[in-house]
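Undergrad: Pasting a structure here, questions to come.
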Amino acid sequence: MSDYYNPHRKNKYDKVSVELFRLSRSKIDLFINCPRCFYLDRKLGIGQPGGYPFSLNNAVDKLLKKEFDIHRAKGTKHPLMETYGINAIPLADEKINLWRDSMRGGITYKVPGTNVVITGGVDDVWVNPKGEFIIVDYKATSKEEEVSLDADWQIAYKRQMEIYQWLFRQNGFKVSDTGYFVYCNGRADKKAFDGKLEFDVKIIPYKGDDSWVDKTVHDAIACLKLSKLPAPGPDCDFCKYREAVRTFE
Ligand code: SF4
């Protein structure tokens, strides 16, 4: 085991405990991808080895937040919103920084009849003249082609948006079905680096449908109550690999 991997997670689910149990939207996504890994992580406290932090993506997120905050304070549209004809402004709400901070708060909802609290940390919320909240997610990448939401793997981005829409609706807010991805594409076609990376920034609308969330949340909670490991998901090959290795042990 490397110095960087500690498999033992805190905050495990205990079905007899009455303490509130925080379950993040990324763990709901883990459940969708593989109930077994979800169970190992949230019930038994054995987490998947993680990747290294995406520091550059985090820096882009941080700067975008600052940029939209300037317009939030003034109650004005960001120029990108003008360019894309979006009739909204960044939401000025005293809770915005809490909703953005998934570690220390986030947008939360306690599932009725359970001690489970679903949590998420949203990048931004805008508001339109009808008072509807618009969920916004920032993304950063660097690729030659135009950014889009067309790749199969980007279903995770769409689910992320839909869980946030669901979370805000459960908190009693009116939420627009249309959310936006502010997608930054780092340009690698410049002659030289010169100590700076320039980005093309595109806003991509996405019409969410959160009708799947409630059932999935209940299925995930039911999974945590199992007394044996559930089957692995179909799209990860590591357990099959481990089984194959085991035949030679
Ligand atoms: S199949 Fe993959 S994701 Fe699922 S339990 Fe095995 S290693 Fe984890």
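The values are calculated or read from the model by the stated rules, or taken from the named source; none is laboratory data. Predicted model only: the values in this text are computed from it and were never measured. Glycine gets a Cβ as well: all are built from the backbone with ideal geometry, and neighbour counts include every protein chain shown. Calculation scope for accessible area: heavy atoms of the full protein, side chains included, ligands and nucleic acids excluded. Shrake-Rupley method; radii C 1.70, N 1.55, O 1.52, S 1.80 Å.
Undergrad: Considering each residue of region 93-104, count those that are in contact (Cβ under 8 Å) with a residue 12 or more places away in the chain and exposed (fewer than 15 other Cβ atoms within 10 Å of the Cβ), and give that number.
TA: Within region 93-104, the subset in contact (Cβ under 8 Å) with a residue 12 or more places away in the chain is 93, 96, 99-103.
Imposing the further condition that a residue be exposed (fewer than 15 other Cβ atoms within 10 Å of the Cβ) reduces the set to 93, 101, 103.
Counting residues in region 93-104 that are in contact (Cβ under 8 Å) with a residue 12 or more places away in the chain and exposed (fewer than 15 other Cβ atoms within 10 Å of the Cβ) gives 3.
Undergrad: Right, something else. Criterion first (in contact with an Asp or Glu (Cβ under 7 Å, 6 or more places away or on another chain), more than 23 Å from ILE32 (Cβ to Cβ) and either modelled with pLDDT of 95 or more or open to solvent by 40 Å² or more (accessible area, probe 1.4 Å) (or both)) does PRO90 satisfy it? Spell out the reasoning first.
TA: Values: in contact with an Asp or Glu (Cβ under 7 Å, 6 or more places away or on another chain): yes; more than 23 Å from ILE32 (Cβ to Cβ): yes; either modelled with pLDDT of 95 or more or open to solvent by 40 Å² or more (accessible area, probe 1.4 Å) (or both): yes.
Considered against the rule, which asks whether it is in contact with an Asp or Glu (Cβ under 7 Å, 6 or more places away or on another chain), more than 23 Å from ILE32 (Cβ to Cβ) and either modelled with pLDDT of 95 or more or open to solvent by 40 Å² or more (accessible area, probe 1.4 Å) (or both), PRO90 comes out as yes.
Undergrad: Between a residue in region 32-44 that is free of Cβ contacts under 8 Å to residues at least 60 places away in the same chain and any residue that is outside any helix (DSSP H, G or I), which pairs come within a Cβ distance under 9 Å, given they are 6 or more apart or on different chains?
TA: These pairs meet every condition: ASP41/ARG9; ASP41/LYS12; ASP41/GLY47; ASP41/GLN48; LEU44/ARG9; LEU44/LYS12; LEU44/LEU229.
Undergrad: Name the residue that is nearest to the ligand (Cβ to nearest atom), counting only residues in region 53-87 that are of a type in the set (Asp, Glu) and open to solvent by less than 90 Å² (accessible area, probe 1.4 Å).
TA: Initially, region 53-87 is screened for residues of a type in the set (Asp, Glu), giving 61, 67, 69, 82.
Add one more test, that the residue is open to solvent by less than 90 Å² (accessible area, probe 1.4 Å), and what stays is 61, 67, 69.
Working: ASP61: 26, GLU67: 37, ASP69: 37 Å.
Here the residue is ASP61.
Undergrad: Could I ask something else about it? Which ones in region 191-208 are assigned to a loop (DSSP other than H, G, I, E, B) and either open to solvent by less than 90 Å² (accessible area, probe 1.4 Å) or modelled with pLDDT of 95 or more (or both)? Steps first, please.
TA: Kept after step one, since they are assigned to a loop (DSSP other than H, G, I, E, B), are these residues of region 191-208: 191-198, 208.
Of everything in region 191-208, those that are assigned to a loop (DSSP other than H, G, I, E, B) and either open to solvent by less than 90 Å² (accessible area, probe 1.4 Å) or modelled with pLDDT of 95 or more (or both) turn out to be ALA192, GLY195, LEU197, GLU198, GLY208.
Undergrad: If you don't mind, there's one more thing I want to ask. Which residues, counting only those in region 211-249, are within 9 Å of the ligand (Cβ to nearest atom) and over 30 Å from TYR109 (Cβ atoms)?
TA: Hits for region 211-249 are ASP237, PHE238, CYS239, LYS240, TYR241, ARG242.
Undergrad: Now a separate question. Here are some residues: VAL122, VAL136. Which one is within 30 Å of LYS196 (Cβ to Cβ) and under 10 Å from the mean Cα position of the chain (by Cα)? Explain how you work it out, then say what you get.
TA: Numbers: VAL136 fails: under 10 Å from the mean Cα position of the chain (by Cα).
After applying the criteria, what remains is VAL122.
Undergrad: Return the total of residues in region 81-115 being in a loop (DSSP other than H, G, I, E, B) and within 18 Å of the chain's Cα centre (by Cα).
TA: Residues of region 81-115 that are in a loop (DSSP other than H, G, I, E, B), as a first pass: 84-88, 91-95, 101-106, 111-115.
Still in the list and also within 18 Å of the chain's Cα centre (by Cα): 101-106.
Residues that pass the stated criteria total 6.
Undergrad: Is one or more of the residues making up region 43-52 under 23 Å from the mean Cα position of the chain (by Cα), assigned to a loop (DSSP other than H, G, I, E, B) and away from the ligand (no atom under 16 Å from the Cβ)?
TA: Yes, region 43-52 has at least one match.
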